[in-house]
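Trainee: Before we start, here is the structure in question, set down as structure tokens.
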Amino acid sequence: MAPAAAAVAAATVSSFVSPSSFSSVRASKPDRLHPVKRAAVNVRCVTSPPATDASFKTKVPRNANMAKLQAGYLFPEIARRRAAHLLKYPDVKIISLGIGDTTEPIPDVITNAMAERAHALSTVDGYSGYGAEQGEKKLRAAIAATYYADLGIEETDIFVSDGAKCDISRLQVLFGSNVKIAVQDPSYPAYVDSSVIMGQTGLYQEDVQKYGNIEYMRCSPENGFFPDLSSVPRTDIIFFCSPNNPTGAAASWDQLTKLVKFAKDNGSIIVYDSAYAMYISDDSPKSIFEIPGAKEVAIETASFSKYAGFTGVRLGWTVVPKELLFSDAHPVAKDFNRIVCTCFNGASNISQAGGLGCLSPEGLKAMSDVVGFYKENTKIIVDTFTSLGFNVYGGNNAPYVWVHFPGRDSWGVFAEILEKANVVTTPGSGFGPGGEGFIRISAFGHRENIIEAVRRLKQLYK
């Protein structure tokens, strides 16, 4: 950082006052008739040298790719602004509908399974240490049978992990720095940020709010939130999320068929993020592998986070079909297995016990009930903004509502709602330039908070 950027406010007292003088002033009671005179203080701004100049520095250069990243990651930045608002207004009750964090308790059938496994660890017979890096065989088989029955996906194609977000970064390590990616615009920011960190991109271009060497596939109301693939140049990797975060749009069977064909024609690999598949209400595919030929061009990531409330427990999986090959015919799964074995010691055995609880008949019913609760929240939010005259998208197949504020700066709308309604949302531009003019509202919240939030929003925009 340049020294000028380190300017700080410094106060200098114009005439010296001894410590004993201050002590006598503090010790004596003020005279009601003759107030104590205050010492004159002159406040001026001075430039202080960077703190690092006075500290020891190593000779290790900073990763230049980290310097490309713009500000902080989206959701910590939202948390920072929320905290600043609370400092300014400490007595207000803020309702957070920004970050997509679940709020409802994990169903008993699932926590009981975790508790039983945890207790077993305190016994000689029940203790286990390191497990298979790819996940426990029983859980992998249960995932294959529950979500991929009749799709040709076997348990050996499934890698259990600590969540889809972590697997996205592991996949980036797998692909390396010499690939070009395409992302939906708008899309979950982890795809772009992990690409920048890996060195796959050029510099950030402020005028268009894009990184060089990334293909941004515009997804808007005008194209049904599905990109015009005829205008998209070839890339090596295509990140595609359905139902989409943040727009809530779920791709149809026909659309995904076009995507798979596009990937085959270009020799590309699709990384398909299906973290919200259980929220799909219509006949949209819940897995990319429902599409014929997808096993030859696609990887799928998924998670228990938004189904079972595992955002803190951490458990997900990635499917890498044996049919997926690199250009030299080497199996992608074989290299991903090497990455996993090098970077990961396997998901927590307690979390995996919870995963088996999720996939029991009672667990599946309990997860469906939790998803149904959040979908009811979504309807409340959609109905509110629709009644206020806004164009509203998403909500039917996802726990997110995408609201259009034409001509408005999305961070400005975020600030307006926070300042005037004490509600945290997510600015659309945080998901890419295609999100400008939109805000995302999460349906993850206690019912009373959702009702209070929409009451405030109605009052703000009536």
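The values are calculated or read from the model by the stated rules, or taken from the named source; none is laboratory data. None of these values were measured; they are calculated from a predicted model. Every residue, glycine as well, gets a Cβ built from its backbone with ideal geometry; the counts of neighbours run over all protein chains shown. With ligands, DNA and RNA removed, areas are computed over all heavy atoms of the protein, side chains included. Shrake-Rupley method; radii C 1.70, N 1.55, O 1.52, S 1.80 Å.
Trainee: I'd like the full set of residues that are within 20 Å of GLU296 (Cβ to Cβ) and without any contact (Cβ under 8 Å) to a residue 40 or more places away in the chain, limited to the stretch 123-148. First the steps, then the outcome.
Mentor: Narrowing the stretch 123-148 to residues within 20 Å of GLU296 (Cβ to Cβ): 144, 147-148.
Passing the criteria: only ALA144.
Trainee: List the residue pairs whose Cβ atoms are under 9 Å apart, where the first residue sits in the stretch 260-271 and is in contact (Cβ under 8 Å) with a residue 12 or more places away in the chain, the second is of a type in the set (D, E, K, R) and assigned to a loop (DSSP other than H, G, I, E, B), and the two are 6 or more positions apart or on different chains.
Mentor: Going by the 9 Å Cβ cut-off, the qualifying pairs are ASN266/ARG234; ASN266/ASP236; GLY267/ARG234; GLY267/ASP236; SER268/ARG234; SER268/ASP236; ILE269/ASP236.
Trainee: Determine which member of the set PHE225, PHE159 is touching a Gly at 6+ places or on another chain (Cβ under 9 Å), open to solvent by less than 40 Å² (accessible area, probe 1.4 Å) and assigned to a loop (DSSP other than H, G, I, E, B). Step through it out loud before you land on a result.
Mentor: Numbers: PHE159 fails: assigned to a loop (DSSP other than H, G, I, E, B).
Only one candidate passes the filter, namely PHE225.
Trainee: Would it be correct to say that TYR211 is among the hydroxyl-bearing types (Ser, Thr, Tyr), open to solvent by 10 Å² or more (accessible area, probe 1.4 Å) and under 22 Å from ASP409 (Cα atoms)? Walk me through how you get there before you give the answer.
Mentor: Numbers: among the hydroxyl-bearing types (Ser, Thr, Tyr): yes; open to solvent by 10 Å² or more (accessible area, probe 1.4 Å): yes; under 22 Å from ASP409 (Cα atoms): yes.
So TYR211 fits the description; yes.
Trainee: Right, another one. If you go through the stretch 398-414, how many residues are part of a loop (DSSP other than H, G, I, E, B), open to solvent by 10 Å² or more (accessible area, probe 1.4 Å) and touching a Ser or Thr at 6+ places or on another chain (Cβ under 9 Å)?
Mentor: Residues flagged as part of a loop (DSSP other than H, G, I, E, B), open to solvent by 10 Å² or more (accessible area, probe 1.4 Å) and touching a Ser or Thr at 6+ places or on another chain (Cβ under 9 Å) within the stretch 398-414 amount to 1.
Trainee: Of all residues in the stretch 245-270, which are open to solvent by less than 10 Å² (accessible area, probe 1.4 Å), out of contact with any Pro (no Cβ under 7 Å at 6 or more places or on another chain) and part of a helix (DSSP H, G or I)? So that I can check it myself, show each step before the final result.
Mentor: If we filter the stretch 245-270 for residues that are open to solvent by less than 10 Å² (accessible area, probe 1.4 Å), which is where we start, we get 245-248, 251, 256, 259-260, 263, 268, 270.
Checking which are out of contact with any Pro (no Cβ under 7 Å at 6 or more places or on another chain) leaves us with 245, 248, 251, 259-260, 263, 268, 270.
Result: LEU259, VAL260, ALA263.
Trainee: Take the stretch 415-438 and flag every residue that is under 17 Å from ASP185 (Cα atoms) and outside any loop (DSSP other than H, G, I, E, B).
Mentor: Restricting attention to the stretch 415-438, the residues satisfying the condition of being under 17 Å from ASP185 (Cα atoms) are 426-438.
Across the stretch 415-438, the qualifying residues are THR426, PRO427, GLY428, SER429, GLY430, PHE431, PRO433, GLY434, GLY435, PHE438.
Trainee: Something else about it: So which residues in the stretch 271-296 are assigned to a loop (DSSP other than H, G, I, E, B) and open to solvent by 10 Å² or more (accessible area, probe 1.4 Å), if there are any at all? Walk me through it before giving the result.
Mentor: Pass one, the stretch 271-296, residues assigned to a loop (DSSP other than H, G, I, E, B): 274-276, 280-287, 291-293.
Scanning the stretch 271-296 gives ALA275, TYR276, ILE280, SER281, ASP282, ASP283, SER284, LYS286, PRO292, GLY293.
Trainee: Given the residues ALA353, ALA347, which is the only one that is open to solvent by less than 30 Å² (accessible area, probe 1.4 Å), in the same structural domain as GLY316 (by the TED database) and either within 21 Å of the chain's Cα centre (by Cα) or among the basic types (Lys, Arg) (or both)? Talk me through it step by step, then tell me what you get.
Mentor: Details: ALA353 fails: either within 21 Å of the chain's Cα centre (by Cα) or among the basic types (Lys, Arg) (or both).
After applying the criteria, what remains is ALA347.
Trainee: Kindly indicate the residue of the stretch 376-397 that is at positive phi and assigned to a loop (DSSP other than H, G, I, E, B) and also most open to solvent (accessible area, probe 1.4 Å) among those meeting that condition. Steps first, please.
Mentor: Here is the first cut: in the stretch 376-397, the residues at positive phi are 389, 394-395.
With assigned to a loop (DSSP other than H, G, I, E, B) added as a condition, the list becomes 389, 395.
Working: GLY389: 64, GLY395: 12 Å².
Checking each candidate, the answer is GLY389.
Trainee: Please state which one of PRO246, PRO285 is modelled with pLDDT of 95 or more and farther than 23 Å from VAL392 by Cβ. Before you say what the answer is, go through the steps one by one.
Mentor: Details: PRO246 fails: farther than 23 Å from VAL392 by Cβ.
The unique qualifying residue is PRO285.
Trainee: Residues being open to solvent by 40 Å² or more (accessible area, probe 1.4 Å) and not hydroxyl-bearing (Ser, Thr, Tyr): count how many of those fall in the stretch 130-149.
Mentor: From the stretch 130-149, those open to solvent by 40 Å² or more (accessible area, probe 1.4 Å) are 130-133, 136-138, 145-147, 149; that's our starting set.
With the extra rule that they be not hydroxyl-bearing (Ser, Thr, Tyr), the set shrinks to 131-133, 136-138, 145, 149.
Here the count works out to 8.
Trainee: What are the pairs with Cβ atoms under 6 angstrom where one residue, in the stretch 307-333, is among the basic types (Lys, Arg) and the other, located anywhere, is assigned to a strand (DSSP E or B)? Sequence gap at least six, or different chains.
Mentor: Pairs that qualify, where the first residue is among the basic types (Lys, Arg) and the partner is assigned to a strand (DSSP E or B): there are none.
Trainee: Please indicate, with yes or no, whether at least one residue in the stretch 179-191 is over 30 Å from LYS379 (Cα atoms), touching a helix residue (DSSP H, G or I) at 6+ places or on another chain (Cβ under 7 Å) and touching a residue at least 12 places away in the same chain (Cβ under 8 Å).
Mentor: The initial filter retains those residues of the stretch 179-191 that are over 30 Å from LYS379 (Cα atoms), namely 179-182.
From what is left, the residues that are touching a helix residue (DSSP H, G or I) at 6+ places or on another chain (Cβ under 7 Å) are 181.
Narrowing the set further to residues that are touching a residue at least 12 places away in the same chain (Cβ under 8 Å) leaves 181.
Checked against the condition, which is being over 30 Å from LYS379 (Cα atoms), touching a helix residue (DSSP H, G or I) at 6+ places or on another chain (Cβ under 7 Å) and touching a residue at least 12 places away in the same chain (Cβ under 8 Å), the stretch 179-191 yields at least one hit.
Trainee: Now for a different question. Is there a residue being touching a residue at least 40 places away in the same chain (Cβ under 8 Å), open to solvent by 10 Å² or more (accessible area, probe 1.4 Å) and either of a type in the set (Lys, Arg) or under 20 Å from TYR191 (Cα atoms) (or both) anywhere in the stretch 442-454? Spell out how you get there, then give the answer.
Mentor: Keep residues of the stretch 442-454 that are touching a residue at least 40 places away in the same chain (Cβ under 8 Å), which gives 442-447, 449-454.
From what's left, open to solvent by 10 Å² or more (accessible area, probe 1.4 Å): 446-447, 449, 451-452, 454.
Filter once more, keeping what is either of a type in the set (Lys, Arg) or under 20 Å from TYR191 (Cα atoms) (or both): 447.
Yes, the conditions are met somewhere in the stretch 442-454.
Trainee: Something else about it: Being within 21 Å of ALA64 (Cα to Cα), within 15 Å of the chain's Cα centre (by Cα), open to solvent by less than 30 Å² (accessible area, probe 1.4 Å) and aliphatic (A, V, I, L, M) narrows it down to one residue among VAL196, VAL192, VAL183; which is it?
Mentor: Going through VAL196, VAL192, VAL183 in turn, the sole match is VAL192.
Trainee: Taking ILE153 as the residue in question, decide whether it is touching a Pro at 6+ places or on another chain (Cβ under 8 Å) and at pLDDT 95 or above.
Mentor: Working: touching a Pro at 6+ places or on another chain (Cβ under 8 Å): yes; at pLDDT 95 or above: yes.
Answer is yes for this residue.
Trainee: State all residues of the stretch 99-129 that are at pLDDT below 95 and open to solvent by less than 50 Å² (accessible area, probe 1.4 Å); if no residue qualifies, say none.
Mentor: Of the stretch 99-129, the ones at pLDDT below 95 are 99-101.
If the condition is that a residue be at pLDDT below 95 and open to solvent by less than 50 Å² (accessible area, probe 1.4 Å), then GLY100 is the only one that fits.
Trainee: Taking the conditions exactly as written (crowded, with 23+ Cβ neighbours inside 10 Å and at pLDDT 95 or above), does GLY372 satisfy them or not? Break it down into steps so the answer makes sense when it comes.
Mentor: Values: crowded, with 23+ Cβ neighbours inside 10 Å: no; at pLDDT 95 or above: yes.
It is false that GLY372 is crowded, with 23+ Cβ neighbours inside 10 Å and at pLDDT 95 or above.
Trainee: Before we move on, is ILE168 assigned by the TED database to the domain that holds SER348, touching a strand residue (DSSP E or B) at 6+ places or on another chain (Cβ under 6 Å) and among the hydrophobic types (A, V, I, L, M, F, W, C)?
Mentor: On the way: assigned by the TED database to the domain that holds SER348: yes; touching a strand residue (DSSP E or B) at 6+ places or on another chain (Cβ under 6 Å): no; among the hydrophobic types (A, V, I, L, M, F, W, C): yes.
When the stated conditions are applied, ILE168 does not pass them.
Trainee: Across the stretch 71-80, what is the total count of residues that are in contact with a helix residue (DSSP H, G or I) (Cβ under 9 Å, 6 or more places away or on another chain) and either among the charged types (D, E, K, R) or open to solvent by 70 Å² or more (accessible area, probe 1.4 Å) (or both)?
Mentor: To start, the set of residues in the stretch 71-80 that are in contact with a helix residue (DSSP H, G or I) (Cβ under 9 Å, 6 or more places away or on another chain) comprises 71-75, 77-78.
Of the ones still in play, those that are also either among the charged types (D, E, K, R) or open to solvent by 70 Å² or more (accessible area, probe 1.4 Å) (or both) are 71, 77.
Total meeting the criteria: 2.
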